[in-house]
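Trainee: Supplied in structure tokens, the structure appears directly below.
The values are calculated or read from the model by the stated rules, or taken from the named source; none is laboratory data. On a predicted model such as this, the values are computed, not experimentally measured, just so you know. Here Cβ is always computed from backbone atoms with ideal geometry, including for glycine, and neighbour counts include all displayed protein chains. Ligands, DNA and RNA are excluded from the accessible area calculation, which covers all protein heavy atoms including side chains. Shrake-Rupley method; radii C 1.70, N 1.55, O 1.52, S 1.80 Å.
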Amino acid sequence: MPVDPSGLVHVHDARLHNLRHVTTAFPRGRLVAFTGVSGSGKSSLAFGTLHGEAQRRYLESIAPFARRLIGSAVDPRVESVTGMPPTVALEQRHTAARPSARSRRCRTRSGSCTPAPAIIPRMSSRAARRSTGVG
């Protein structure tokens, strides 16, 4: 996995779903949010392209037998992604069996429907303990 000395993750020519030859760069090692209007390609970039490429790289590194157990990965449809660290994807959860006002909101506010509000403070506190030598 090539790591860019500038500290950036570079995406070149992403073409998944509604992404049309998108080239971009964003900081590595920082919390990054993709924002935009509905249909602008936020999920296609974050999950389809970036997480898809990370999953493809991971699957290439394990034994063929294990690959069959994991299943198929999304084809990221990107020319290249460089400087990318390992990724984590949070699954969106719907809490109600029937669509309610809360579950409808969850489609556009995945942070409130995932364990992210609980995970991010824990990750931050662990990182702080490591950097200060406490704990």
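Trainee: Exactly one of (1) open to solvent by less than 30 Å² (accessible area, probe 1.4 Å); (2) touching a helix residue (DSSP H, G or I) at 6+ places or on another chain (Cβ under 9 Å); (3) modelled with pLDDT under 90 is unmet by Val9. Its number?
Mentor: (3)
Trainee: Cβ-Cβ distance below 8 Å, separation of 6 or more or different chains: which pairs start in segment 44-57 with a residue that is part of a helix (DSSP H, G or I) and end on one that is of a type in the set (Lys, Arg) and surrounded by fewer than 23 Cβ atoms within 10 Å (Cβ to Cβ)?
Mentor: Gly48/Arg77; Thr49/Arg77
Trainee: When Pro85 is evaluated against the numbered criteria (1) under 28 Å from Pro121 (Cβ atoms); (2) at pLDDT 85 or above, which criterion, by number, is the only one it fails?
Mentor: Here Pro85 meets the rest and fails (2).
Trainee: Okay, moving on. Can you tell me which residues in segment 22-39 are open to solvent by 70 Å² or more (accessible area, probe 1.4 Å) and aliphatic (A, V, I, L, M)?
Mentor: If the condition is that a residue be open to solvent by 70 Å² or more (accessible area, probe 1.4 Å) and aliphatic (A, V, I, L, M), then Leu31, Ala33, Val37 are the ones that fit.
Trainee: Any idea which of (1) touching a helix residue (DSSP H, G or I) at 6+ places or on another chain (Cβ under 6 Å); (2) at pLDDT 85 or above; (3) not hydrophobic (A, V, I, L, M, F, W, C) is the one Ser44 doesn't satisfy?
Mentor: (1)
Trainee: Something else about it: If Phe65 passes every condition in (1) touching a Phe, Trp or Tyr at 6+ places or on another chain (Cβ under 6 Å); (2) exposed (fewer than 10 other Cβ atoms within 10 Å of the Cβ) but one, which one does it miss?
Mentor: (1)
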